[in-house]
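Below is one structure; the comments refer to it alone.
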Amino acid sequence: MTDRRLLRGGTLVTLDGAAGYGLIPAGAVALEDGMIRWVGPEADLPDSYANWPATALEGRLVTPALIDCHTHLVYGGSRAAEFELRLTGTSYEEIARQGGGIAATVRATREASEADLIAQALPRLDAMLSEGVSMVEIKSGYGLDQDTELRMLRVARRLGQLRPVRIRTTFLGAHALPPGWTGTRAEYLRDICLPALRAAHAEGLVDAVDGFCEGIAFSASELAVVFAEARRLGLPVKLHAEQLSHQGGIALAADHGALSADHVEYATEDDARRMAKAGMVAVLLPGAFYALHETQAPPVAAFRAHGVPMALSTDANPGTSPLTSLLLAMNMGCTLFRLTPEEALRGVTTHAARALGLTDTGRLAPGLRADLCIWNTDHPAELSYRIGFNPLHTRIFGGSA
Ligand SMILES: O=C(O)CC[C@@H]1NC(=O)NC1=O
Ligand SMILES: [Fe+3]
C-alpha cells in the first residue's frame, strides 16, 4: 500500500542552494513512502499529485525537520549539585580535583544498567522530538571502560527503536582519563580506548569517532593514534577542538578528513582556511559557551569569509551544557555568536546533516527523506527569535505525523 500525502498552501523553506531560505510562498510538498517526491509553488503542482490525500497548511511555515548533530544524551546521574557548588564559589577545576565533573558522571554511568540509561535518556530525547527534531547524534564517553562504552552505544541504538527518530552514534572513548587511572594518557588510549573502539565497531555500534582535544583531556598527537585507528576501520572522524584553548585540534582533524570540528571558540583564521580546504563543518555549541561563561566566541566572520558551513547543536551533556532545546540553541547562536536566523536554521538542518556525513536529509527537495516540520508561524526568523517558546505544529518523520 503506497503511503501518499500532499501538504498544500504553506510557506516552504527549502534551504536549497548555498545561501538564502529558498522560500516558496503558497507552496506544496508531495510525500510518498517516506520520501519527498515533489516541492514547488502549488500553482505549478503536476496533475498526477492533485488527487493525493491533502493536508491544508493554512499559510504555516514548513521546514526540514531539525537535526541535533552533537549530543552526549546518554548518561547516568545528574550534576545539579555541582551547578549549585559552582554558584556558591567552588571552581570547575576544584570540583574536578574533588572527583567531580566528568568523573562523577562516569561513576554514575558505570553503575547504571541499560534499562536505567534508557529511562534517563528518554525524557531528554522526548524534549528534543517535541521541538521537531528528527535526528540526534549521541556520543559515548562516560564509560571510559569497554563494557560501559559499549553499553552507552547500545542504548543510543535502542533509543532509535523506541522513538520515531534517527540516531547516529559516535564513539568518544577519548573523552577523559578514567577515574583512578594511574597510567599515562597514551597507555589509556592504547590499552582501553582502542580495544573498546574495535569491539564497538565489530558490534556495529559506531557511525563516527570523536575525541576531546584539550589541555584537560588529550593532545592532538595523542589523538592521532585514535584517528588513525578510526580511519583503518573505515569510520569518519570529528573532534571537540579549540574549546577552552588552542591545541591544534583542527589541524589534526583536517589532516584526517574529519567531518567537523566542534566548539571551536579558539579557532584561528588559519584554522578556518584549513577547514574550508578540508570541506569540514564548524559545529557551534552555544550552550557550553553560555554555561561556562566563556568570553571567546567562535570566529564566525572567518568561517563566513572562507565558506566554512556552520552547524548548531545543544551539546546536551550533564556538565557544560545541560540543554535539550535546539530552538534555544538557535536563539543562543544568534544572540551570543551573532549568527543570522538563516544561518541558525541552516545550522540545525542542512549543515547539521553535513556534519554527520549525510546527504539524504536537511533540505526540502525531491529524493530526500520526508522529515519535515510544520510551524505555527509564517516567518523563518521566528524559530530563532523566540526564547523558550515552541511554535511546532506538526513533526513529520518518514512521511508520517
Ligand atoms: O562536563 C561534562 O560532562 C562534559 C564536558 C564536555 N565534554 C567535552 O568534550 N566538552 C565539553 O564541554
Ligand atoms: Fe560535546
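What to note about this one:
- Filter result for L285 (within 30 Å of G204 (Cβ to Cβ), touching an Asp or Glu at 6+ places or on another chain (Cβ under 6 Å) and either hydrophobic (A, V, I, L, M, F, W, C) or surrounded by 24 or more Cβ atoms within 10 Å (Cβ to Cβ) (or both)): yes
- Residue within region 67-77 that is within 12 Å of ligand 1 (Cβ to nearest atom), over 18 Å from the mean Cα position of the chain (by Cα) and not aromatic (F, W, Y) present: yes
- L364 being open to solvent by less than 10 Å² (accessible area, probe 1.4 Å) and out of contact with any strand residue (DSSP E or B) (no Cβ under 7 Å at 6 or more places or on another chain): no
- When we screen A278, A305, A291 for residues that are outside the structural domain of R386 (by the TED database), within 16 Å of ligand 2 (Cβ to nearest atom) and either over 19 Å from the mean Cα position of the chain (by Cα) or within 18 Å of H72 (Cα to Cα) (or both), the only hit is A291.
- Considering region 247-275, and only residues there that are more than 15 Å from ligand 1 (Cβ to nearest atom) and open to solvent by 40 Å² or more (accessible area, probe 1.4 Å), the residue that is nearest to the chain's Cα centre (by Cα) turns out to be G257.
- Number of positions in region 211-246 that are among the charged types (D, E, K, R) and under 17 Å from the mean Cα position of the chain (by Cα): 1
- Top-ranked residue of region 208-219 - restricted to ones that are among the small types (G, A, S) and in a loop (DSSP other than H, G, I, E, B), ranked as farthest from ligand 1 (Cβ to nearest atom): S219
- Applying the criterion of being under 16 Å from L73 (Cβ atoms), open to solvent by 10 Å² or more (accessible area, probe 1.4 Å) and β-branched (V, I, T) to the residues of region 308-336, the residue that is nearest to ligand 1 (Cβ to nearest atom) is T320.
- Unmet requirement for G89, which otherwise passes all of (1) more than 13 Å from ligand 1 (Cβ to nearest atom); (2) on the phi > 0 side of the Ramachandran plot; (3) of a type outside the set (F, W, Y); (4) open to solvent by less than 20 Å² (accessible area, probe 1.4 Å): (4)
- Total residues in region 213-252, condition within 18 Å of A96 (Cβ to Cβ) and within 13 Å of ligand 2 (Cβ to nearest atom): 6
- Identity of the residue in region 223-246, open to solvent by 40 Å² or more (accessible area, probe 1.4 Å), not small (G, A, S) and not in a loop (DSSP other than H, G, I, E, B), that ends up farthest from ligand 1 (Cβ to nearest atom): R232
- Condition check for P299: more than 16 Å from ligand 1 (Cβ to nearest atom), more than 14 Å from P380 (Cβ to Cβ), modelled with pLDDT of 95 or more and touching a Gly at 6+ places or on another chain (Cβ under 9 Å): no
- Within region 95-122, residues that are farther than 17 Å from T71 by Cα sit with their Cβ atoms under 7 Å from residues that are small (G, A, S) and more than 16 Å from ligand 2 (Cβ to nearest atom), at 6+ positions apart or across chains, in these pairs: A104/G77; A108/G76; A108/G77; E111/G76; A112/G76; D116/G76.
The values are calculated or read from the model by the stated rules, or taken from the named source; none is laboratory data. The structure displayed is predicted, hence computed values, not measured ones. Cβ: placed from backbone, ideal geometry, glycine included. Neighbour counts: every protein chain shown. Keep in mind that these areas ignore ligands, DNA and RNA; they rest on the heavy atoms of the full protein, side chains included. Shrake-Rupley method; radii C 1.70, N 1.55, O 1.52, S 1.80 Å.
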